[in-house]
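Okay, structure first, notes after.
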Amino acid sequence: MPRPAVHRLRHPRQRARDGQDRVEAHLREPRHPDAALAEWSLPLVVKPADEGSSVGVTIVDDRAQLAAAVALARTFHGPVLVEDYIAGTEIFVGILDGAVLGSVEVRPATRFYDYEAKYLRNDTQYLLPPELPADVLARAEAHALAAYGALGCSGHSRPDLRIDRDGNAWVLEVNTLPGMTETSLLPKIAKRAGMSYAQLCERILASAR
Ligand SMILES: Nc1ncnc2c1ncn2[C@@H]1O[C@H](COP(=O)(O)OP(=O)(O)O)[C@@H](O)[C@H]1O
Ligand SMILES: [Mg+2]
């Protein structure tokens with residue numbers, strides 16, 4: 001079986017060049033991982049493109065960890081993505097029927113929002129609304145909605161974003177089947193917006209096509 005390629009993904013980023021919000025993604029040609037990786041500044045994030053729940057994701061702070069991180073990601077589905085690590089705040093935006101429902105900031109006690117912080121530990125903090133300046137949050141939510149639109153989403157979705165130190169929003173991914181246990185992020189956001197879990201489920205079913 002051919003080895004999954006390693007792609008360096010430039011995050012879809014909103015550039016307000018002409019006043020129009022636009023989401024762009026640049027995918028560099030896959031190159032031999034070892035040569036290309038040696039050129040990139042640390043920290044980096046290595047992850048399988050087609051997994052979830054932070055499975056197979058490694059934050060690489062030391063070049064000596066790189067080969068193992070790529071090898072780990074390769075044991076999972078899809079090509080391997082290598083991204084610049086974005087230091088800053090992590091938020092998750094709830095979208096329902098093309099409108100932003102709200103956002104939650106997540107502060108894990110671990111190095112990043114890994115599997116343990118998501119499902120096993122009870123020391124992950126959830127802040128609703130995110131502790132961000134209003135204009136930064138509004139821009140991030142608009143950015144999340146633009147990504148939802150650019151990817152042709154409908155119904156409910158939950159984009160994951162990093163907000164860097166300059167207040168720029170970077171979309172990590174748009175989850176079209178976000179977790180829906182009663183303690184998951186989208187139900188938390190819906191609750192803060194005055195919607196019960198049952199009401200959220202009804203809305204999602206009603207918007208299903
Ligand atoms: N480029 C990045 N910069 C900083 N943290 C990242 C980056 N990519 C992923 N992470 C961290 O890893 C977690 C999982 O990555 P994500 O792309 O959302 O994959 P998954 O589908 O597994 O949730 C994120 O919630 C975040 O904490
Ligand atoms: Mg995610």
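The values are calculated or read from the model by the stated rules, or taken from the named source; none is laboratory data. This is a predicted model, so every value here is computed, not measured. Positions of Cβ are generated from backbone atoms using ideal geometry, with glycine treated the same way; all protein chains shown enter the neighbour counts. Surface areas here come from the heavy atoms of the whole protein model, side chains and all, with no ligands, DNA or RNA. Shrake-Rupley method; radii C 1.70, N 1.55, O 1.52, S 1.80 Å.
Computed quantities for the displayed model
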| read-out | value |
| --- | --- |
| Separation between Cα centres of the range 157-173 and the range 178-209, rounded to whole Å | 21 Å |
| Of W170, V136, S196, farthest towards positive along the dipole that unit charges on Lys, Arg, Asp, Glu beta carbons give the range 89-209 | S196 |
| Coil-residue chymotrypsin sites (Phe, Trp or Tyr not before Pro) of the range 73-108, DSSP, other Cβ within 10 Å capped at 10 | none |
| Per-pair calculated FRET efficiency, R0 = 30 Å: D166 and Y119 via Cβ, rounded to 0.05 | 0.40 |
| Relative packing of peptides 145-156, 125-136 - highest average C-beta neighbours within 10 Å first | 145-156, 125-136 |
| Listed residues F76, I86, A49: farthest to the positive end of the dipole of the range 47-118 (Cβ charges) | F76 |
| Qualifying trypsin sites (Lys or Arg not before Pro) for the range 124-175 [loop in DSSP, other Cβ within 10 Å: at most 14] | R165 |
| Cα→Cβ-extended label distance, 7 Å offset, between T75 and E39, nm | 3.0 nm |
| In sequence order, calculated HN-Hα J values of the range 74-87 (Karplus, 6.51, -1.76, 1.60; Hz; x Gly/Pro) | 5, 6, 10, 7, x, x, 9, 9, 10, 10, 5, 6, 9, 6 |
| Linear extension gain, S196 paired with R111, 0.36 nm per residue minus alpha-carbon span | 27.4 nm |
| Taking the convex hull of Cα positions in the range 51-156, its mean projected area over all directions (nm²) | 8.1 nm² |
| Solvent-accessible surface ranking, highest first, for E182, E141 at 1.4 angstrom | E182, E141 |
| Efficiency of FRET between L128 and A64 - r from beta-carbon atoms, R0 30 angstrom, step 0.05 | 0.15 |
